[in-house]
Amino acid sequence: MQNSRVATFESTDLEAAKEHLNTHGYCIVEQAISKAEAGSLRDRLMGQAEAEAELDHTRILPDKKQILAFLINKGQGFRDLLFHPVMRELVDHVLGDLYLLSSYNGHIANPGGTRIFHTDQWWMPLPTNTRKESLIRTGSITRDHHRGHYAFGEAGMDPVTIAPACTCNVMWTVDDFTAQNGATIVVPGSHLFGRQPDPELDEDAGWIPAVAPAGSFIVLDGRVWHSTGANVSDRTCIGLTTNFCSWQFRQQENLIMGVSDEVLESASDEFLDLIGFQPAFGYGSVEPSDERVERGRRALGELKPST
């Protein structure tokens with residue numbers, strides 16, 4: 001490990017990685033899987049992308065990045081990554097004991113792509129002000145209209161208190177991530193700013209590329225400012241995002257409804273719990289409130305006594 005903000009860590013140096021995560025809002029663990037394993041994941045993702053294109057199911061975002069969603073259905077290798085012990089220990093460090101997989105996507109950064117500054121918990125309302133007044137009704141928050149320097153007025157510029165991390169995103173580097181090919185960029189320490197990045201005014205906020213070799217992963221506190229970098233190379237750059245959220249929050253992907261029957265047939269209890277089949281303190285339950293739910297099982301309907 002180098003003593004710098006762009007430091008990377010080995011799997012055996014987790015305490016230092018956790019401290020870096022606390023201070024800077026991200027950390028990089030190098031070569032957590034082999035290059036051969038990363039190559040196998042790349043082949044599976046690109047094969048999936050080709051097959052989805054044949055069905056006219058290609059999704060390209062405004063920044064020219066291609067997204068392949070719902071990877072829990074698209075290969076055992078993807079599912080295996082969810083239980084990588086080093087990765088999970090760092091997610092535990094951010095979120096605590098009980099959390100869910102929120103989404104699992106493949107990201108293909110194409111040449112010429114642009115940057116879109118954001119955090120992964122943009123939906124988190126600011127704490128009340130010093131007069132205990134809410135700055136916005138929580139149901140009125142939108143992705144596009146409540147970010148930036150003045151979205152919440154002057155009170156939002158330097159909040160007295162900030163929200164904790166409620167999401168944690170882990171980006172797996174299937175390709176080498178470089179400063180030229182669209183590596184994720186971050187602003188170290190921005191997880192403690194207490195606001196969202198402004199798409200124009202924060203252009204020079206101190207962005208750095210999270211450079212890492214294939215087979216590594218980057219852990220992002222849900223509050224840290226980040227973006228896919230601009231790909232100025234002539235090749236694509238591929239990463240896999242495993243996004244986790246605390247049990248209290250709605251998942252990005254409806255994993256219970258969308259997981260395939262084939263995957264469910266061989267799913268472990270640990271996998272089922274991670275994607276949301278196990279209620280948490282009654283939330284997400286059918287009935288009874290503490291049992292693992294089963295897809296297709298309904299709550300009781302209207303009943304009448306037999307006599």
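Side notes on the structure shown:
- Subset of segment 117-135 that is touching a Ser or Thr at 6+ places or on another chain (Cβ under 6 Å) and polar (S, T, N, Q) - its residue that is surrounded by the most Cβ atoms within 10 Å (Cβ to Cβ): Gln121
- Matching residues in segment 236-279 - criterion: being farther than 30 Å from Asn181 by Cβ, touching a residue at least 24 places away in the same chain (Cβ under 8 Å) and among the hydrophobic types (A, V, I, L, M, F, W, C): Trp247, Phe249, Leu255, Ile256, Met257, Val259, Val263, Leu264, Phe271, Leu274, Ile275
- When segment 269-307 is limited to residues that are of a type in the set (S, T, N, Q) and more than 22 Å from the chain's Cα centre (by Cα), the one that is surrounded by the most Cβ atoms within 10 Å (Cβ to Cβ) turns out to be Ser285.
- Checked against (1) over 18 Å from Leu82 (Cβ atoms); (2) in contact with a Leu (Cβ under 9 Å, 6 or more places away or on another chain); (3) crowded, with 17+ Cβ neighbours inside 10 Å; (4) among the hydrophobic types (A, V, I, L, M, F, W, C), Phe9 passes all but condition (2).
- Residues being modelled with pLDDT of 95 or more and closer than 24 Å to Thr130 by Cβ - total across segment 155-188: 3
- Identity of the residue in segment 189-199, in a loop (DSSP other than H, G, I, E, B) and in contact with a Leu (Cβ under 9 Å, 6 or more places away or on another chain), that ends up surrounded by the most Cβ atoms within 10 Å (Cβ to Cβ): Arg195
- Whether a residue is out of contact with any Asp or Glu (no Cβ under 9 Å at 6 or more places or on another chain) and aromatic (Phe, Trp, Tyr) was assessed, and Phe9 does not pass this test.
- Some residue of segment 223-233 being free of Cβ contacts under 8 Å to residues at least 60 places away in the same chain and either over 23 Å from Glu15 (Cβ atoms) or more than 18 Å from the chain's Cα centre (by Cα) (or both): no
- Test: residue in segment 24-32 that is closer than 21 Å to Pro209 by Cα and aromatic (Phe, Trp, Tyr): yes
- Residue check for Ser306: assigned to a loop (DSSP other than H, G, I, E, B) and either out of contact with any helix residue (DSSP H, G or I) (no Cβ under 9 Å at 6 or more places or on another chain) or under 22 Å from Trp172 (Cβ atoms) (or both): yes
- Cβ separations smaller than 7 Å between residues 6+ apart or across chains give the following pairs from segment 141-167 residues that are closer than 15 Å to Pro197 by Cα and part of a loop (DSSP other than H, G, I, E, B) to residues that are at pLDDT 85 or above and of a type in the set (Phe, Trp, Tyr): Arg143/Trp122; Arg147/Trp122.
- Scanning segment 38-64 for residues that are under 21 Å from the mean Cα position of the chain (by Cα) and of a type in the set (Gly, Ala, Ser), we see that the one that is farthest from Trp172 (Cα to Cα) is Ala49.
- Residue within segment 80-96 that is modelled with pLDDT under 95, surrounded by 15 or more Cβ atoms within 10 Å (Cβ to Cβ) and either under 23 Å from Val259 (Cβ atoms) or among the polar types (S, T, N, Q) (or both) present: no
- Segment 47-79: number of residues that are touching a helix residue (DSSP H, G or I) at 6+ places or on another chain (Cβ under 7 Å) and over 24 Å from Phe244 (Cα atoms): 1
The values are calculated or read from the model by the stated rules, or taken from the named source; none is laboratory data. Here the structure is a predicted model, which means the values were calculated and not measured. Every residue, glycine among them, receives a Cβ derived from its backbone with ideal geometry; neighbour counts consider all protein chains shown.
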